[in-house]
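Worksheet: the structure to be examined is printed underneath.
The values are calculated or read from the model by the stated rules, or taken from the named source; none is laboratory data. These figures come from a predicted structure and were not determined experimentally. Here Cβ is always computed from backbone atoms with ideal geometry, including for glycine, and neighbour counts include all displayed protein chains. These accessible areas exclude ligands, DNA and RNA; they are computed on the full protein's heavy atoms, side chains included. Shrake-Rupley method; radii C 1.70, N 1.55, O 1.52, S 1.80 Å.
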Amino acid sequence: MSMSTVLNPGDIDKALADCAGTFNHKKFFALSGLSKKTDAEIATVFNILDQDRSGFIEVDELKLFLQNFSATARALNDAETKEFLDAGDSDHDGKIGVDEFKCMVKA
């Protein structure tokens, strides 16, 4: 399944273009239209991001977050990845679960 089954490709392009220099997850979620999606749609996106099917998005998957939206997108740098993890990891276990992801997207 691809992100374009849940999100509008034009919105994805707009969000990716905006974060070419620096990544802000809240702005990305808004520009991509993800923050307006239902919990079920957000869970679908989470499942795409959870590449190893562990039930969590770990640091290595967060680093490649943008590449799930476009294969040519850049990887997040270490600081962006840490900030992204800190924003979503409410139980401080070093990974983001689906409920944490939903909360982060809707915040």
Q) Looking at this structure, is LEU66 open to solvent by less than 10 Å² (accessible area, probe 1.4 Å) and assigned to a helix (DSSP H, G or I)? A) yes
Q. Could you say whether any residue in the range 71-78 is within 19 Å of GLY97 (Cα to Cα), crowded, with 16+ Cβ neighbours inside 10 Å and modelled with pLDDT of 95 or more?
A. no
Q. What are the pairs, 6+ residues apart or on separate chains, where a residue within the range 54-68 that is in contact (Cβ under 8 Å) with a residue 40 or more places away in the chain has its Cβ under 6 Å from a residue that is of a type in the set (Val, Ile, Thr) and crowded, with 20+ Cβ neighbours inside 10 Å?
A. ILE57/ILE96
Q) Residues ASP18, ASP50: which one is surrounded by 13 or more Cβ atoms within 10 Å (Cβ to Cβ), touching a Phe, Trp or Tyr at 6+ places or on another chain (Cβ under 8 Å), of a type outside the set (A, V, I, L, M, F, W, C) and within 17 Å of ASP99 (Cα to Cα)? A) ASP50
Q. Across the range 44-63, what is the total count of residues that are in a loop (DSSP other than H, G, I, E, B) and basic (Lys, Arg)?
A. 1
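Consider SER90 carefully, then state whether it is assigned to a loop (DSSP other than H, G, I, E, B), open to solvent by 50 Å² or more (accessible area, probe 1.4 Å) and of a type in the set (Gly, Ala, Ser).
Yes, satisfied.
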**Q.** Whichever residue in the range 2-15 is over 27 Å from ALA79 (Cα atoms) and either touching a helix residue (DSSP H, G or I) at 6+ places or on another chain (Cβ under 6 Å) or not in a loop (DSSP other than H, G, I, E, B) (or both) and, among such residues, is least open to solvent (accessible area, probe 1.4 Å)
**A.** VAL6
Q: State all residues of the range 69-79 that are without any contact (Cβ under 8 Å) to a residue 12 or more places away in the chain and more than 24 Å from ASP91 (Cα to Cα); if no residue qualifies, say none.
A: ALA71, THR72
Q. Among the listed residues ILE48, ILE42, ILE96, ILE12, which satisfies the condition of being touching a strand residue (DSSP E or B) at 6+ places or on another chain (Cβ under 6 Å) and either in contact (Cβ under 8 Å) with a residue 24 or more places away in the chain or of a type in the set (Ser, Thr, Tyr) (or both)?
A. ILE96
